[in-house]
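Here the structure comes first, spelled out in structure tokens, and everything after it is commentary.
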Amino acid sequence: MKIAIIGTGNLGQSIAKGLITTNAITTLYLTKRNIESIQDFEGYKKVIITSDNVKAVKHSDILIFGVQPAHFESILKDISSFLTENHVIISTVTGFTISRIEAVVGQEQFIIRAMPNTAIAVGKSMTCLCCNENGKKRIKISEAIFNRLGTSISIPESQMQAATVICASGIAFWMRLIRATTQAAIQLGFDAKEAQELAMHTCEGAANLLIKTGNHPEQEIDKVTTPKGCTIEGLN
Ligand SMILES: NC(=O)c1ccc[n+]([C@@H]2O[C@H](COP(=O)([O-])OP(=O)(O)OC[C@H]3O[C@@H](n4cnc5c(N)ncnc54)[C@H](OP(=O)(O)O)[C@@H]3O)[C@@H](O)[C@H]2O)c1
């Protein structure tokens, strides 16, 4: 796939790492105005770094936008006359609606909104997708991209704000829970490194139990909870 990431900041770099490590690219254009901070990507084959968004658009089919909301409209205006019927526009820009994108580039373009999280850098993003009417023809390819980088589901656009809280901000919430468990482990006598190992791998195991069995959390809780035991005391 010929992919461009327009606005390669925190999220864009995470997506780029995921695309590179899963061999998802034929070519990958990475753009930002100040390209010094992404020079390291030049070490990867098939990756081209540029501050020229139009050049990236001309040489790519899939355009993933990772810019801040305030910059998005003017960037869309700059590239809109170079869009063809082949381009798929994937916007990760929070709160920027499909109708606002259509107002600049037209309803006939394939437009997808994606809400991934930074775990995309390690191929574990939970990504929510929605699209315009025409974008339904390209939702499968968008799902294929994000399924390489984790898991994706398609949702109505009306749920995108909620998805932002649960999936994008959600990374921070789970980090705090892991940190709190790490501190509890230190209090119980483990050194800091061991404590974090215990916390993060237990967290991974808990999530995997649900993912692989399809069980409800309470079913798994019942398995480790005995009357008057330490688990129920901890839970309460
Ligand atoms: N971070 C997350 O976990 C997350 C998750 C889901 C969605 N999002 C959304 O994704 C978007 C990006 O978030 P972020 O955290 O990655 O922000 P960020 O780090 O600020 O990245 C935005 C990038 O856009 C570049 N940029 C600005 N103007 C540009 C232009 N004219 N042409 C090309 N590049 C340009 C900036 O670099 P220069 O200044 O060098 O140009 C910057 O590196 C936001 O809309 C955010 O709401 C973020």
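The values are calculated or read from the model by the stated rules, or taken from the named source; none is laboratory data. Everything numeric in this text was worked out from a predicted model, so none of it was measured. Backbone-built Cβ (ideal geometry, glycine too); neighbour counts: all protein chains shown.
With respect to residue 207, is the statement that it is outside the structural domain of residue 107 (by TED's automatic domain parsing) and in a helix (DSSP H, G or I) true? So residue 207 fits the description; yes.
Could we say that residue 76 is in a helix (DSSP H, G or I) and crowded, with 21+ Cβ neighbours inside 10 Å here? Yes: the conditions hold for residue 76. No other residue among 62, 25 is touching a Leu at 6+ places or on another chain (Cβ under 6 Å), assigned by TED's automatic domain parsing to the domain that holds residue 147 and of a type in the set (A, V, I, L, M, F, W, C) apart from 25. Taking the criterion of being more than 16 Å from the ligand (Cβ to nearest atom) and outside any loop (DSSP other than H, G, I, E, B), the residues of the range 79-104 that qualify are 88, 99, 102, 103.
Only residues that are free of Cβ contacts under 8 Å to residues at least 24 places away in the same chain, more than 11 Å from the ligand (Cβ to nearest atom) and surrounded by 15 or more Cβ atoms within 10 Å (Cβ to Cβ) were counted in the range 14-48, giving 1.
Table: residues versus (1) in a helix (DSSP H, G or I); (2) more than 10 Å from the ligand (Cβ to nearest atom); (3) exposed (fewer than 15 other Cβ atoms within 10 Å of the Cβ).
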| position | (1), (2), (3) |
| --- | --- |
| 108 | no, yes, yes |
| 126 | no, yes, no |
| 143 | yes, yes, no |
| 152 | no, yes, no |
| 158 | yes, yes, yes |
| 161 | yes, yes, yes |
| 165 | yes, yes, yes |
| 173 | yes, yes, yes |
| 176 | yes, yes, yes |
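Of all residues in the range 171-183, those that are charged (D, E, K, R) have Cβ atoms under 8 Å from Cβ atoms of residues that are at pLDDT 95 or above, 6 or more apart or on another chain, in 179/199. Of the conditions (1) under 26 Å from residue 135 (Cβ atoms); (2) in a loop (DSSP other than H, G, I, E, B); (3) more than 9 Å from the ligand (Cβ to nearest atom), residue 67 clears all except one; give me its number. Every listed condition holds for residue 67 apart from (3).
Among the residues making up the range 1-11, those that are within 11 Å of the ligand (Cβ to nearest atom) and touching a residue at least 60 places away in the same chain (Cβ under 8 Å) are 4, 5, 6, 7, 10, 11. Scanning the range 113-124 for residues that are in contact with a Leu (Cβ under 6 Å, 6 or more places away or on another chain) and modelled with pLDDT of 95 or more yields a total of 1. In the set (1) without any contact (Cβ under 8 Å) to a residue 24 or more places away in the chain; (2) of a type in the set (Ser, Thr, Tyr); (3) away from the ligand (no atom under 11 Å from the Cβ), the condition left unmet by residue 60 is number (1). Residues that are out of contact with any helix residue (DSSP H, G or I) (no Cβ under 7 Å at 6 or more places or on another chain), assigned by TED's automatic domain parsing to the domain that holds residue 57 and aliphatic (A, V, I, L, M) occur in the range 121-135; there is at least one.
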